[in-house]
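The values are calculated or read from the model by the stated rules, or taken from the named source; none is laboratory data. The structure displayed is predicted, hence computed values, not measured ones. Here the Cβ positions follow ideal geometry from the backbone for every residue, glycine too, while neighbour counts run over all protein chains shown.
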Amino acid sequence: MELLTASVGSYPKIGDGPEAQRHRQAYSRWESGEITDEEFESIQDQVTLEVIREQVEAGLDVVTDGQIRWYDPVSHIARKLAGCEIDGLLRFFDTNFYFRQPVVVGRIERRESVLRREFEFAAAASPKPVRAVIMGPYTLARLSIDRRGAGTRALVDEFSEVVAAEVRDLVGAGARFIQIDEPAILVHPEDVNILARALEHVASSSRNAEIAVHFYFEDAGKIYPRLLDLPVDCLSFDFTYGENLLDEILDAGCDKNLGLGLIDGRNTRIEEGEKVIEVVRKVVEVFEGRRLYLNPSCGLEYLPRDVAFRKLQNMVRIAERIREEIA
Amino acid sequence: MRKKLRDLGLDLPLLPTTTVGSFPKPAYLQEARRLHAAGKIDVRRLRELEEKATREWISAQLELGLDVLVDGEMYRGDMATYFAEHLDGFGISGLVRSYGNRYYRKPVIKGEVRWRGPITVEWWRFAQGLTEKPVKGMITGPYTMMDWSFNEFYPSRRDACLALARALHEEVKALAKAGARIIQIDEPAISARPKELPEFAVEAMRTVTEGVNAYFITHICYGAFEFIYPQMLELPVDNFDLETSNSNLDLVDLFRKYPFTKDISFGLVDVHSHVVEDRRTIEARIRRALEVVRPDQLWVDPDCGLKTRTAEESIGKLRAMVEAVKSVRESI
């Protein structure tokens, strides 16, 4: 068994010092037409390199591109699809972050690859493996307005084709770690069969890469045993919503790889090592997979940048202690 | 609840009209706030202009004929940060993105939260001194303060929320002692995690209001209460101020199914739209509300604070609202 430290999504685009405002300033100049798309793109490239460097410096084994180019995790995918329009702002689950809601007006189809170029850019620049992250078909469908009236199932089917094609592209580009986010299933646990079917479609196009599904913003305990049947390699969880999840894992065990989101991506308090280690110790007892991850509970954009960095550093230190103990 | 109002010495007409809290800050005040933040004018000069703007909004509300007034919150920035700055135990975070290119700073609970003295009482007294009509005391509620802050001190959300409730109880007591008879507790975040309502949000509201003789209103925004209705009626307040103008019909169906048992302020003017509603549209909304609540339960106000509208839009919307209410009153 190995233990890796990983990022699971976004990283703050700006910091607090005057030198860390580059993205915000460029965004505002781009919005008012003072700089071109290409100039803004080049700033986003630079900031992407910067946040990859920060994650590497913090000591992570697996990084992300920080989603610096993303307006939000939903519209970043949906805005490039045929059949989708982008509507007004809506609160993203129980956070104080807002996303633009897709409106489905026709058959959903991919016009072009959404993430491949972003992944290739990050992978070429990173000394550590880059985890590609994409919002999953069930959550994309749930967070969209269905103007066609064809129903959630049809939406999930069409979005799952899109996500499957993205995964194929990412694998083709050399991605070895791919993460599909499915927070919405925790709000609608009754739909776990729909999720399973959608992921079968996605997983069939993913040889040679580890497919993880990440669940967050609710306690996943109530459907944990069902998730063990999902056709994916790794299950990844937000542990900040209660104790139920841990109990269920200890009860049902785990034969897949497992992402332990024990680092709170939504609170500035730095974790106490001993508490995290205690949970990992218990999980290791029942764990039958090959690989454990220690990671934040969600993307880090809910935190100020300096805190995000300190959290990752602290997480790496905790992982080192766990490795010593296990070895 | 009419009896409670009468016992407090408040003789309000049927369908009392009010507003949710904030009004737009005039240009001179926005400029003064900017200069003050840059250290270019002192706090006394800023205060003078805040008072001037408050006077102007009190006059505007009187002229419109509103029944229950607010101070307009000329002296507040963010509704959570304002209280965090005036309570012990809080710091302020670095920048966090809310959407697009918008960033803000969040309160951070770093130690024991304590009330160190009146926060809003002076402003309430100032505003009430300008009018005979009742002015509402206005605070941000404990659940929303907790949900919108980072918590580095308390072991759980519950502990943080209840500590905030104890501190805010002191503020509510001070407002009542100064003479406020109507106190509004804003809880836009109340349904962030619906299961926390029975777990501790109701208890927190009880802690804030318990033993204080005032008519309590709580303001909850759209996209919030349908997840916690009818359980939400257990919150120990007299009046729920709800954002309803964009979901009027759904609510009427909901209230048919589970009757509304307390007083309700129906938000009948959309604060997110520049369009000034005409009197007839608002009148129709009031009549629809009256299909499911009794006239003696109903208050009328805009959906939310008006601070994002211009002064002209705000006044236009309120004028239409007051006229609509007058015409419905005559027909009851």
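Here B:ARG102 fulfils each of the conditions (1) closer than 28 Å to B:ALA167 by Cβ; (2) surrounded by fewer than 17 Cβ atoms within 10 Å (Cβ to Cβ); (3) of a type outside the set (S, T, N, Q); (4) within 14 Å of chain A (Cβ to nearest Cβ) apart from (1).
Please verify whether B:ALA165 is over 22 Å from B:ARG2 (Cα atoms), away from every other protein chain (no Cβ under 12 Å), surrounded by 21 or more Cβ atoms within 10 Å (Cβ to Cβ) and touching a Ser or Thr at 6+ places or on another chain (Cβ under 6 Å), treating the condition exactly as stated. Give the derivation first.
Working: over 22 Å from B:ARG2 (Cα atoms): yes; away from every other protein chain (no Cβ under 12 Å): yes; surrounded by 21 or more Cβ atoms within 10 Å (Cβ to Cβ): yes; touching a Ser or Thr at 6+ places or on another chain (Cβ under 6 Å): yes.
For B:ALA165, the condition - over 22 Å from B:ARG2 (Cα atoms), away from every other protein chain (no Cβ under 12 Å), surrounded by 21 or more Cβ atoms within 10 Å (Cβ to Cβ) and touching a Ser or Thr at 6+ places or on another chain (Cβ under 6 Å) - is met.
The residues of the range A:59-86 that are within 13 Å of chain B (Cβ to nearest Cβ) and either of a type in the set (Ser, Thr, Tyr) or within 15 Å of A:ILE145 (Cα to Cα) (or both), listed by number, are A:TYR71, A:VAL74, A:SER75, A:ILE86.
Look at A:VAL284 and say whether it is touching a residue at least 12 places away in the same chain (Cβ under 8 Å), surrounded by fewer than 17 Cβ atoms within 10 Å (Cβ to Cβ), more than 14 Å from chain B (Cβ to nearest Cβ) and more than 19 Å from A:ASP181 (Cβ to Cβ). Give the steps one after another, and end with the answer.
Values: touching a residue at least 12 places away in the same chain (Cβ under 8 Å): yes; surrounded by fewer than 17 Cβ atoms within 10 Å (Cβ to Cβ): yes; more than 14 Å from chain B (Cβ to nearest Cβ): yes; more than 19 Å from A:ASP181 (Cβ to Cβ): yes.
So A:VAL284 fits the description; yes.
Exactly one residue among B:VAL276, B:VAL300, B:VAL269 is assigned to a strand (DSSP E or B), closer than 12 Å to B:LEU318 by Cα and among the hydrophobic types (A, V, I, L, M, F, W, C), and that residue is B:VAL300. Scanning the range A:296-327 for residues that are modelled with pLDDT of 95 or more, outside any helix (DSSP H, G or I) and away from chain B (no Cβ under 12 Å) yields A:PRO296, A:SER297, A:CYS298.
Scanning the range B:164-210 for residues that are touching a Lys or Arg at 6+ places or on another chain (Cβ under 7 Å) and closer than 18 Å to B:LEU87 by Cα gives B:ALA167, B:THR207. For the range A:36-58, state whether one or more residues are touching a residue at least 24 places away in the same chain (Cβ under 8 Å), within 14 Å of chain B (Cβ to nearest Cβ), surrounded by 14 or more Cβ atoms within 10 Å (Cβ to Cβ) and under 20 Å from A:THR139 (Cα atoms). No.
Does the range A:8-61 hold any residues that are assigned to a loop (DSSP other than H, G, I, E, B) and either under 28 Å from A:ILE178 (Cβ atoms) or charged (D, E, K, R) (or both), and which are they? Correct list: A:VAL8, A:GLY9, A:SER10, A:TYR11, A:PRO12, A:LYS13, A:ILE14, A:ASP16, A:GLU34, A:GLY59, A:LEU60, A:ASP61.
Please verify whether the range B:139-155 includes one or more residues that are away from chain A (no Cβ under 14 Å) and more than 18 Å from the chain's Cα centre (by Cα). The answer is no, given that none of the residues of the range B:139-155 is away from chain A (no Cβ under 14 Å) and more than 18 Å from the chain's Cα centre (by Cα). The single condition among (1) part of a loop (DSSP other than H, G, I, E, B); (2) more than 14 Å from chain B (Cβ to nearest Cβ); (3) of a type in the set (S, T, N, Q) that A:SER160 does not satisfy is (1). Of the residues making up the range B:61-78, one or more are within 14 Å of another protein chain (Cβ to nearest Cβ) and in contact (Cβ under 8 Å) with a residue 12 or more places away in the chain. Of the candidates A:GLN101, A:GLN21, A:GLN67, the single residue that is free of Cβ contacts under 8 Å to residues at least 40 places away in the same chain and not charged (D, E, K, R) is A:GLN21.
Please determine whether any residue of the range B:18-32 is more than 21 Å from B:GLN184 (Cα to Cα) and not in a helix (DSSP H, G or I). Before the answer, list the steps.
At the first step, the residues of the range B:18-32 found to be more than 21 Å from B:GLN184 (Cα to Cα) are B:26-32.
Add one more test, that the residue is not in a helix (DSSP H, G or I), and what stays is B:26.
Yes - at least one qualifying residue is present in the range B:18-32.
Residues that are within 24 Å of A:VAL63 (Cβ to Cβ) and not charged (D, E, K, R) within the range A:125-139 comprise A:ALA125, A:SER126, A:PRO127, A:PRO129, A:VAL130, A:ALA132, A:VAL133, A:ILE134, A:MET135, A:GLY136, A:THR139, listed in sequence order.
Within the range B:263-303, the set of residues being within 16 Å of B:GLU243 (Cα to Cα) and charged (D, E, K, R) comprises B:ASP263, B:ASP270, B:GLU277, B:ARG285, B:ARG288, B:ASP301, B:ASP303. In the set B:PHE126, B:PHE90, B:PHE83, only one residue is crowded, with 16+ Cβ neighbours inside 10 Å, assigned to a strand (DSSP E or B) and touching a residue at least 12 places away in the same chain (Cβ under 8 Å); that residue is B:PHE90.
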